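The values are calculated or read from the model by the stated rules, or taken from the named source; none is laboratory data. Everything numeric here is computed off the predicted structure, so don't read it as measured data. FYI the Cβ positions are ideal-geometry reconstructions off the backbone, even for glycines, and counts take in every protein chain you see. Ligands, DNA and RNA are excluded from the accessible area calculation, which covers all protein heavy atoms including side chains. Shrake-Rupley method; radii C 1.70, N 1.55, O 1.52, S 1.80 Å.
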Amino acid sequence: MCGIAGICNFGGKDPISWEALAAMIAVLRHRGPDDCGYYQEEHVGLAHSRLSIIDLDGGRQPIPNEDRSVWITFNGEIFNYIELRDFLIKKGHRFSTKSDTEVIIHLYEDYGTDCLSYLNGQFAFAIWDREKKTLFVARDRIGIRPVFYAQVNGTFLFASEIKAILMHKGIQREIDLRALDQIFTFWTTIPPRTAFRNIYELPAGCFLTVKGNAVQTKRYWDVDFSASENIQSEAEYAEQLRELLIDATRLQLRADVPVGAYLSGGIDSSVITALIKKFTDTPLRTFSVTFEDDAYDESAYQNEMINYLGTEHSDIRCTYSDIGNVLPDVMWHTEMPILRTAPAPLFLLSLLVRQNGYKVVLTGEGSDEILAGYDIFKETKVRRFIERYPESKFRRFILKRLYPYLEHSPVRSLSYAEAFFTVDTSPYPAHFYSHVPRWLTTSKTKFFFSDHVKDVIGGHNTIDELSQLLRGEISHYDDLSKAQYIEMKTLLPGYILSSQGDRVGMAHAIEGRFPFLDHRLIEFCAQLPPFIRMKTLEEKYILKESMRDLLPVSIVRRKKQPYMAPDYQSFFKGNAPAYVDELLSTNYLEKTQYFNAQTVSGLVKKVRQNQVIGFRDNMAVVGILTTLLLHHMFIEEFDSRSRSIREELIRSESYAGKV
């Protein structure tokens, strides 16, 4: 995994300066600490920071084709590169490296932008075609690897992270208030919008081209939940799922460095580690997070799998103060406010992996989305049942099957639960039925917005932006498929694979790989009948059936407990970080103008008095603090922080003389 950046100055008078490229790639050094490289001509420049995983000696970037008319800077992995390389050699292509990167260049020579359909991987890359005078920027199908872009004064900029774009002198640093509206509704921004004004994200499954001053974006892939006419038996579905997952795991173990795995104690990571153990020769090395607070700790299940598989294992134990203390560093990497602290322990976990000499880990992310593992999918079924059978005596029993892991579960009070599950969704498009209760609950955090923010977002309909992101017609999908589609287009790329994935992993140059998100597996699961993905209210039914013989019975039968971390407790229990009082002071709140100082002060008082904190207030504490941290780091202190990073790199061995 790596960092990429570049500049196209078609409309500008001045040529690209090496200094501008060097400044951009310098702040991405954490993504690629092993090396950096550049390609530069008068009005185009590409830069690359390298994390060497495949072809350690020969894979330096940017890489050209045979006649140097096409250049690429690439972040990611192409897992089927060996097969593609053989295919291209038979067609007459000559390779100068053994890297997966060069495969893309030669595919592009033959197929242009259609080269994307050949790739099995996770990637973001930019190709400069000198003859066509065209820049081609692409992102993987599901959004595992990020790429951002901006235009200013005739110049097009792109990079793996926003901070690299902010290094350009023409970019103004400003938080987008409409992005705050989206984050405090959906937990993420809706692409192409980001947390920063006039800086954009290329959506998953899309590519863009830049020619002259024209920038065009096109979608090349989307998941299709249309019902399949080829209905098979449960046993046949289970066997196909198993074979696909075995193959995806084998492919994603390809590397010229050791590969580890995350082991959470849930079924998803347990499946991946079990497949590595049984079907490959890769030595099994695992890592996990544990918590001092028993409400979040899953170490008992982790230890069961460790003993069952005989894996060599390391873990990191997180306390409240660990999470609070590390959050500013997490925000430097997420580049977006978050409403939960869950990324912080994963940030510490990736550091543990790095300290143990590993660069690559396989994880179980993606299973919940493709195989209906989340509570929101069960909620949708329950709400439909309540609507259809309002007098049913089974309502109480069905509701009690939801959220068994929550201390303050909304279903413990039947009256509260029925109010929650009978929410009026009529003001929203019908295909958003599944997600409206979640969005309404999260939107209550906007109570703490300042009058200024409320005025700016007041006339803006953020649902319209979401509708534009989604493919035009999903109304023919069943309820479960609609819910999964929305989840895969929003929270998965925008938060799970970003704030909890790429950003906290690459903060320590750790590449996460996700066998469940092999596009072949996604397409297969989307065609499964809904009752196979979720049987009654049993999530991931077919996964359990296909893997039952590989796992302990207790892991298969275990009720799902989603990964969570302590939120408000991390800032108000024990040794609270010094920044908390500073950021939540009346003076700072009034200075920054994002939040109402009086209502925030009331919230802080409530927390300090150990009153019961509900969903709204818990999310608000984290959202307010992370927004203010983002402002402090990227608006107030960005120049000094980025300057210190570059000064440190000048003294480093791998970057000396290159930045």
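Highest mean packing first, where packing is the average number of other Cβ atoms within 10 Å per residue, the peptides 144-157, 556-569 line up as 144-157, 556-569.
Peptides 100-110, 66-76, 606-616 ordered by packing proxy, namely the average of other Cβ atoms within 10 Å per residue, highest first: 100-110, 66-76, 606-616.
Calculated mean residue ellipticity at 222 nm for the chain: -11500 deg cm²/dmol, from DSSP H runs with n ≥ 4 weighted as -39500 (n - 2.57), summed, divided by the residue count and rounded to 500.
Rolling a 1.4 angstrom probe over the protein heavy atoms with all chains in place gives the chain an accessible area of 39 Å² per residue.
Computed extension gain for LYS90 through ASP114, at 0.36 nm per residue and net of the alpha carbon distance, reaches 6.7 nm. Computed on segment 293-353, the Cα convex hull volume stands at 94 Å³ per residue. For segment 87-222, the fraction of C-alpha pairs more than 26 angstrom apart is 29%.
When all protein chains stay in place and ligands, DNA and RNA are ignored, the 1.4 Å accessible-area order of LEU371, LEU56, largest first, is LEU56, LEU371. Past 22 Å, Cα to Cα, is the threshold; run LYS218/LYS446; LYS489/LYS559; LYS378/LYS535; LYS277/LYS559 against it and keep the listed order. With Cα atoms farther than 22 Å apart: LYS218/LYS446; LYS489/LYS559; LYS277/LYS559. With one equal scatterer per alpha carbon and no solvent term, the Debye-computed log10 I(q)/I(0) for segment 268-384 at 0.22 1/Å reads -1.36. The H on the amide N of CYS206, modeled in the peptide plane, is under 5 Å from the matching H of ARG139, TYR220, each at least 5 residues off or on a different chain. Taking one quarter of the surface of the C-alpha convex hull of segment 561-656 gives a mean projected area of 9.2 nm². Given their separation in residues at 0.36 nm each and the Cα-Cα distance between them, MET564 and ASP294 gain 96.0 nm when the chain is fully extended. The value of relative contact order for segment 420-492, using C-alpha pairs under 8 Å at least six residues apart, is 44 percent. Of all aspartates and glutamates in the structure, the ones whose alpha carbon falls short of 16 Å from that of LYS133, not counting any fewer than 8 places away in one chain, are GLU41, GLU42, ASP67, GLU109. Subtracting the Cα-Cα distance of ARG173 and GLN232 from their residue separation scaled by 0.36 nm leaves 15.8 nm.
Summary value for segment 163-322: 12 percent relative contact order, contacts being C-alpha pairs under 8 angstrom separated by 6+ residues.
When the chain is described by a simple charge dipole with +1 on each Lys and Arg Cβ and -1 on each Asp and Glu Cβ, the residue from THR311, LEU21, MET547 located farthest towards its positive end is MET547. Ordering 376-385, 327-336, 219-228 by mean Cβ neighbour count within 10 Å, with the highest value first, yields 327-336, 376-385, 219-228. Counting charges near ILE323 (Lys, Arg +1; Asp, Glu -1) among other residues having Cβ under 13 Å from its Cβ returns a value of -2.
The orientation-averaged projection of the convex hull spanning the C-alpha atoms of the chain amounts to 28.7 square nanometres. The fraction of accessible area contributed by carbon and sulfur in the chain is 48 percent, rounded to a whole number (1.4 Å probe; ligands and nucleic acids excluded).
Shown in residue order for segment 125-136 are the 3J(HN,Hα) couplings computed by the Karplus curve 6.51 cos²θ - 1.76 cosθ + 1.60 at θ = phi - 60°: 8, 10, 10, 9, 9, 5, 5, 7, 6, 10, 9, 10 Hz (x for Gly and Pro). Taking amide H positions as modeled 1.01 Å from N, with prolines and chain starts lacking one, the residues under 5 Å from CYS318 and 5 or more places away or on another chain are THR290, PHE291, GLU292. Looking at the chain, the DSSP beta bridges with both ends there are about 75 percent antiparallel.
For the chain, relative contact order (Cα pairs under 8 Å, six or more residues apart, normalised by length) works out to 17 percent.
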